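One structure is given here, and the rest of the page talks about it.
The values are calculated or read from the model by the stated rules, or taken from the named source; none is laboratory data. This is a predicted model, so every value here is computed, not measured. Here the Cβ is made from the backbone with ideal geometry for all residues, glycine too, and neighbour counts use every protein chain on show.
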Amino acid sequence: MRIALIGYGKMGKAVEQIALERGHTIVAIVDVNTSEKIDKKLISIVDIAIEFTSPASSKKNITDCLTAGISIVSGTTGWEFDKKELEELCIKNSAALLYASNFSIGVNIFMKINEQLAKFLSAFNDYSAKIEETHHIHKLDKPSGTAISLANGIINNNPKYVKWMLNPCNEKNNIEITSLREGEIYGDHKIEWENDIDIISISHSAKSRRGLALGAVMAAEFVLGKTGVFSMNDLLKL
């Protein structure tokens with residue numbers, strides 16, 4: 001594949017390394033420090049774009065790519081995702097979008113375990129859930145997109161909960177998320193269910209950005225030639 005990297009920070013560089021290892025080519029880098037732009041000229045040299053930027057610019061990057069007919073994989077979190085609007089844009093321009101709050105294969109399996117646990121515990125109303133996530137000090141959004149996805153996984157599978165809130169939260173029907181920003185931690189997520197008798201906990205810790213980068217490149221390989229909006233569930237058949 002001929003890949004355009006949109007955003008060339010730590011994640012962009014990690015994606016570049018994995019892409020090259022898997023036999024792909026980086027033909028364009030769109031970043032604040034480069035002169036490349038997202039336009040119809042880009043479509044003549046790229047097969048797909050992979051985007052890791054900031055919440056402030058991500059939606060425009062995605063819509064610009066899709067409008068130009070360039071399929072895109074995006075891992076930027078912290079922005080509003082209107083699936084219907086983007087599906088229409090994909091169909092109109094014969095392009096694809098695969099968006100994920102986390103591209104790690106391990107995290108996506110962890111999310112499915114989280115949903116099953118929430119479903120099991122819906123029969124035991126005395127258990128209360130809370131989420132804690134820790135990331136490096138450079139991460140802009142709080143809570144993490146992964147923590148929000150985990151919270152929504154609980155809400156959709158356990159009728160006790162209706163929404164999530166950042167710590168502090170004293171309402172029984174809301175899931176409390178504690179967000180910590182420390183050092184250079186790549187991403188730790190923990191979910192606890194507690195009652196008066198015991199605590200059930202599940203957790204995931206990322207050792208590096210490599211898992212995220214590998215998942216993003218695999219996602220690009222998966223959506224190449226497709227039309228529409230996809231997720232990691234489609235890729236991993238979860």
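Checked against the criteria, Leu86 does not count as of a type outside the set (D, E, K, R) and farther than 20 Å from Leu235 by Cα. Only one of Lys226, Lys190 is in the same structural domain as Tyr161 (by TED's automatic domain parsing), surrounded by fewer than 18 Cβ atoms within 10 Å (Cβ to Cβ) and not β-branched (Val, Ile, Thr); which? That would be Lys190, the only listed residue that is in the same structural domain as Tyr161 (by TED's automatic domain parsing), surrounded by fewer than 18 Cβ atoms within 10 Å (Cβ to Cβ) and not β-branched (Val, Ile, Thr).
Among strands (runs of 3 or more DSSP E) entirely within the range 1-59, having at least 3 residues that are farther than 26 Å from His135 by Cβ and in the same structural domain as Phe81 (by TED's automatic domain parsing) singles out 25-30.
All told, Tyr161 falls short of being of a type in the set (Phe, Trp, Tyr), outside the structural domain of Leu224 (by TED's automatic domain parsing) and touching a Gly at 6+ places or on another chain (Cβ under 9 Å).
The number of residues in the range 119-135 that are touching a Lys or Arg at 6+ places or on another chain (Cβ under 9 Å), surrounded by 14 or more Cβ atoms within 10 Å (Cβ to Cβ) and not in a strand (DSSP E or B) comes to 3. Of all residue pairs spaced 6 or more apart or on separate chains, those with beta-carbon atoms under 9 Å, a first member in the range 67-83 that is loosely packed, with under 15 Cβ neighbours inside 10 Å and a second member that is not in a loop (DSSP other than H, G, I, E, B) are Gly69/Lys40; Gly69/Ile43; Gly69/Asn93; Glu80/Lys59; Asp82/Lys59; Lys83/Tyr99; Lys83/Val229. When the residues of the range 88-110 are narrowed to those that are closer than 21 Å to His189 by Cβ and out of contact with any helix residue (DSSP H, G or I) (no Cβ under 7 Å at 6 or more places or on another chain), which ends up surrounded by the fewest Cβ atoms within 10 Å (Cβ to Cβ)? Applying the filter and picking the extreme gives Ile109.
If only residues of the range 162-187 that are among the basic types (Lys, Arg) and out of contact with any Lys or Arg (no Cβ under 7 Å at 6 or more places or on another chain) are counted, the one that is surrounded by the fewest Cβ atoms within 10 Å (Cβ to Cβ) is Lys172. For the residues Pro168, Pro143, the requirement of being over 30 Å from Asp64 (Cα atoms) and assigned to a loop (DSSP other than H, G, I, E, B) singles out Pro168. A search for C-beta distances below 7 Å between a residue of the range 35-51 that is more than 20 Å from Ala19 (Cβ to Cβ) and any residue that is part of a strand (DSSP E or B) and modelled with pLDDT under 95, counting only pairs 6+ apart in sequence or on different chains, returns Lys37/Val30. In the set Ser57, Ser35, Ser44, only one residue is surrounded by fewer than 17 Cβ atoms within 10 Å (Cβ to Cβ), among the hydroxyl-bearing types (Ser, Thr, Tyr) and within 21 Å of Lys139 (Cβ to Cβ); that residue is Ser57. If a residue must be surrounded by fewer than 19 Cβ atoms within 10 Å (Cβ to Cβ), of a type outside the set (A, V, I, L, M, F, W, C) and part of a strand (DSSP E or B), how many such residues does the range 197-223 contain? Residues that pass the stated criteria total 3. Phe110 meets all of the listed conditions (1) under 22 Å from Cys169 (Cα atoms); (2) in contact (Cβ under 8 Å) with a residue 60 or more places away in the chain; (3) within 17 Å of the chain's Cα centre (by Cα) but one, namely (1). Here the range 72-87 is the region considered, the condition is being farther than 21 Å from Gly215 by Cα and assigned to a loop (DSSP other than H, G, I, E, B), and the residue that is nearest to the chain's Cα centre (by Cα) is Glu80.
Evaluating Pro159 against the criteria (1) of a type outside the set (S, T, N, Q); (2) buried (at least 17 other Cβ atoms within 10 Å of the Cβ); (3) free of Cβ contacts under 8 Å to residues at least 40 places away in the same chain leaves one unmet condition, (2).
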